[in-house]
Amino acid sequence: MAEELNKTTTAEFDPLDMNNYRVEKLPKMEKSRIQKWLAILGGPLAVVAFVLIYWVCNFGFIDNLDTSSITEETAKSAFKRLTELGPEGFLRANYAMLAIFVAGLILWITEALPNYLTSLIVILLIVVFGVTTDKVALNQLGHPVMWLNILSFVLASMLVKTQFAKRLALMFVIKFGKSAKGVMWSFLIINIILSMFISATTVKASIMLPIFMVVCAIYGASNGKRNNFGRNLVIQNLFQVNLGASSFYTGSGANLLAISLICGASGAYADQSFGYFDWLQAITPVSLLILVIGVLLSMYVFFPMKKEERQPQIPGGLERLKDELAAMGKMTFEEWKSVGIFMMVLLLWITKPLHGIDETMVALIGAILALLPGIGVVNWNHVDIPWHLMIFSAGAYTLGSGLNATDLPNTMVNAAFNALGIGQGGDTSFLMLYIVFTGVMMFSALLFQSKNMRVMVFIPIALGVERKLGLQPMSLTLPMAMLIEHVYVLPFNSKPAALLINTNQYSTADAFKYGISMMLISWVLVILWGGTGLAWLGITPGF
């Protein structure tokens, strides 16, 4: 009886039906026992850490400064005096900021509370404990980068609503899908193009998933059966969704957060500007090179395909994709409008050195056109803005404003460097610093579940080191920003990784051996790029 039921179920499953691969139909990944325990212990640990740091630890603080109305100017003058007193001098606001920072990190990492709720608590504590004013803390929701994030989702919604993103993917797969290698290269191009338009990596993965799952079935990997074609295609999509985001300034909110911290988190960098065109020059070339190397190594080294795996296994499989595309009809006027608006936005972003219009203002122009009745293609109900992520980001920015107001990273770096006997820039090898900081940023992705958290932890430390040693702005921090999106090794490293492991096309071991190797290769390339490309652009002093 069980065998007959099995046969019936198998017979009813159509491997070429895209509806079978909708995200909601995939099995949900359960938290591991360790993750469940971390969630239980996270709250008490955060409270204990806060109490110990704020009320018990004593680094020799100074509490004769009124911090209830602390501003950037008063903080700077206070910390000038602290420098003269020595690294052990801590303001009371330092203790508060350090306690909030550590407690917030514990809650974010353990996921004891929803991320957005932790952010709201962080904002409240920063005000209550006098780190900065309520006006400064609450203003972070109106940060220009927050607006750029929101407006990017408005623009991306055009492509999703009009289904242009799906049409684009189908067109490329049909064009190049007659050979396995052609399929791999076509998905690389699709992911790069979508990364220009869509800033949410999970959204890109969700759009692509039904298409590449049907292609896997065409090449013999479906309904529980694995082969190297499926491993190549799905692991590559995971890799490309993330590294594609690294290729563009607006590729992810974490990129924008990093640049916001680097350029605006301290008065020293207030005049520093770094936009879409600058990112294209400094980061896009090496990201694209890593993507190409990733495809080649995947196909020829890690998951070489047998002869039979390089040929379509289901007769008429590509015809089904053609039918799917044909069912969409010709490109509608709405699609053409959405493409036109987005191309205008991209062109203005890229040509900012010529016209000087800020990226956020350009996105605002595009969003207004997209929403304008009679001209646009979406209304507000079509716009899918993940507000929980916006609140989470606002908390992260508020944390950054608190770090800035108290100058905590610089103070702690001063203390650590003086304790270790490390002096000014002339006493320290920039190459060694570069290797250590990029290495920490890269491999921290194996432990942290949030890209934003890695940014919030490591970028401020690097900012403090740059200032302590008199290094030029961005020489350490920008190379670290290049490594934000390397979150593809383990299932919990990113939302796309957690999503795609459920396709059952590859194992955790498959992803690990490929991912850790690409991490090492990427790290080496970023080191080489620091001594060549970034040096030519004047970002690093070279090696």
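The values are calculated or read from the model by the stated rules, or taken from the named source; none is laboratory data. What you see is a predicted model, and the numbers here were worked out from it, not measured in a lab. In this analysis, Cβ positions are derived from the backbone assuming ideal geometry, glycine residues included, and neighbour counts consider all displayed protein chains. These area figures cover heavy atoms from the full protein model, side chains too; ligands, DNA and RNA do not enter into them. Shrake-Rupley method; radii C 1.70, N 1.55, O 1.52, S 1.80 Å.
Condition check: touching a helix residue (DSSP H, G or I) at 6+ places or on another chain (Cβ under 7 Å), farther than 30 Å from P373 by Cβ and buried (at least 19 other Cβ atoms within 10 Å of the Cβ). Does T162 satisfy that?
In short, no.
Could you tell me whether M456 is modelled with pLDDT under 80 and crowded, with 23+ Cβ neighbours inside 10 Å?
yes
Output the number of the condition that A481 fails; it satisfies all remaining conditions of (1) buried (at least 20 other Cβ atoms within 10 Å of the Cβ); (2) over 29 Å from T532 (Cβ atoms); (3) small (G, A, S).
Just one mismatch for A481, condition (2).
For segment 365-388, enumerate the residues that are part of a helix (DSSP H, G or I) and open to solvent by 60 Å² or more (accessible area, probe 1.4 Å).
Within segment 365-388, I365, I368, W380, N381, H382, W387, H388 qualify.
Could you figure out which of (1) modelled with pLDDT under 80; (2) open to solvent by less than 10 Å² (accessible area, probe 1.4 Å); (3) of a type outside the set (V, I, T) isn't true of F176?
(2)
Search segment 291-326 for residues being in a helix (DSSP H, G or I), without any contact (Cβ under 8 Å) to a residue 60 or more places away in the chain and within 30 Å of Y506 (Cβ to Cβ), and hand back the single one that is most open to solvent (accessible area, probe 1.4 Å).
My answer is K307.
Can you tell me which residue in segment 376-416 is modelled with the highest pLDDT, limited to those that are over 25 Å from the mean Cα position of the chain (by Cα) and hydroxyl-bearing (S, T, Y)?
T406
Determine whether segment 333-343 contains at least one residue that is within 30 Å of I365 (Cα to Cα), surrounded by 16 or more Cβ atoms within 10 Å (Cβ to Cβ) and among the aromatic types (F, W, Y).
Within segment 333-343, one or more residues are within 30 Å of I365 (Cα to Cα), surrounded by 16 or more Cβ atoms within 10 Å (Cβ to Cβ) and among the aromatic types (F, W, Y).
Go through segment 145-180 and count every residue that is assigned to a helix (DSSP H, G or I), more than 20 Å from the chain's Cα centre (by Cα), farther than 30 Å from E308 by Cβ and not hydrophobic (A, V, I, L, M, F, W, C).
2
Which residues, taken from segment 107-140, are touching a Phe, Trp or Tyr at 6+ places or on another chain (Cβ under 8 Å) and not in a loop (DSSP other than H, G, I, E, B)?
I109, N115, Y116, T118, S119, Q140
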